[in-house]
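A quick write-up on the structure given underneath.
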Amino acid sequence: MTTQIQPKLIIHGGAGSSLQGKGGVAKVRQLLHGIVEEVYTMLLAGASAKSAVIWGCQLLEDEPRFNAGTGSVLQSDGQIRMSASLMDGAAQSFSGVINVSRVKNPIHLAKFLQDASDRVLSDYGAAELVRELQIPSYDALTDMRLQEWIKDRQNNFQRTMAGVIAESELGESSNAGRGTIGVVVLDTKGQVAAGTSTGGKGFERIGRVSDSAMPAGNYATANAGVSCTGIGEDIIDECLAPKIVIRVSDGMSLQTAMEKSLTEAGANKRDLGAIALDAKGAIAWGKTSDILLAAFHNGDKLGDTLELPVGKQTGCI
Ligand code: GLY
């Protein structure tokens, strides 16, 4: 008889610089906690880490307040191009799509590619795959994101990244969180998986590649898994997700690996965040950005990182 392990789960809806008012916090908390509860229930029923990650990413991609799938930000030419990846820690197998358009759930393409011989596809290849799989064309554009793009165009795209949290000047519906999304899971068999999905930084050059569909932003082995959020270039420069996972594989505790990696990122003035868990059941998070929209379930309790102090913070449970 195989021993059942207590499953663990952590998800994020991005990292950034502002969370507007208590109404914003309450709404983001409600959204993230609802998704954590749904995915955790699935894990308790015996779902694999990989399928729980895919389901969690789908729920987050379908939520227009987050910058992935529906509600993705627009690039400099006014188009949406999304990126997503899935890493199965047990198989140590990475798959993903880069800059794909007109699809509802980019994470489903990453799922399909897990079993393919060519496992990471970009623009034309990803579009061809969508056509091959006969996935219906889908417009991920929301009015909110269009207005944001029009406004920023007037300022010649001065911002380095689209708002993680929409500003209230754009209407009541814009008070909640937005950002790259990610899910990291330990299932009842002790297997780890990680998934990350994004609309990108927003206002970027055509062809810019996000960390979210690179191991730098999404990585897992049998020992640990990490999903990153924040400025992709900063995450790539730190090679953040594998750095944390490899430190754990080499014997460091998850807490120390997160703390050391985020201290280095902070010293390098990076703007990012990460969620992680290990095969022993530890859950960790860290940020150098002002806010990190993460929520977790460790089997005993559900919690979140929505009201951490501004500046570099790490935590472990
Ligand atoms: N971390 C998401 C991006 O920079 O594209």
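Tabulated results
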read-out: Residues that are within 30 Å of Asp143 (Cα to Cα) and among the aliphatic types (A, V, I, L, M), drawn from segment 79-95; value: Ile80, Met82, Ala84, Leu86
read-out: Residue in segment 92-102 that is in a loop (DSSP other than H, G, I, E, B) and free of Cβ contacts under 8 Å to residues at least 40 places away in the same chain present; value: yes
read-out: Test: residue in segment 113-130 that is hydrophobic (A, V, I, L, M, F, W, C), more than 16 Å from Ser72 (Cβ to Cβ), modelled with pLDDT of 95 or more and part of a loop (DSSP other than H, G, I, E, B); value: yes
read-out: Qualifying residue in segment 48-60 (condition: touching a Ser or Thr at 6+ places or on another chain (Cβ under 8 Å) and crowded, with 21+ Cβ neighbours inside 10 Å); value: yes
read-out: Single unsatisfied condition, Ser83 versus (1) in contact (Cβ under 8 Å) with a residue 60 or more places away in the chain; (2) on the phi > 0 side of the Ramachandran plot; value: (2)
read-out: Check on Asp152, part of a helix (DSSP H, G or I) and under 20 Å from Gly200 (Cα atoms); value: yes
read-out: Failed criterion for Leu129 (all others in (1) in contact with a Lys or Arg (Cβ under 9 Å, 6 or more places away or on another chain); (2) at negative phi hold); value: (1)
read-out: Single condition Ala45 does not satisfy, out of (1) more than 16 Å from the ligand (Cβ to nearest atom); (2) surrounded by fewer than 24 Cβ atoms within 10 Å (Cβ to Cβ); (3) at negative phi; (4) touching a residue at least 12 places away in the same chain (Cβ under 8 Å); value: (4)
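Quick grid of which residues meet (1) modelled with pLDDT of 95 or more; (2) within 16 Å of the ligand (Cβ to nearest atom):
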site: Ile135; (1), (2): yes, no
site: Thr142; (1), (2): no, no
site: Ala162; (1), (2): no, yes
site: Glu167; (1), (2): no, no
site: Gly179; (1), (2): no, yes
site: Val184; (1), (2): yes, yes
site: Asp187; (1), (2): yes, no
site: Thr198; (1), (2): yes, yes
site: Lys201; (1), (2): no, yes
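The values are calculated or read from the model by the stated rules, or taken from the named source; none is laboratory data. As the structure is a computational prediction, the values presented were derived from the model and not from experiment. Every residue, glycine as well, gets a Cβ built from its backbone with ideal geometry; the counts of neighbours run over all protein chains shown.
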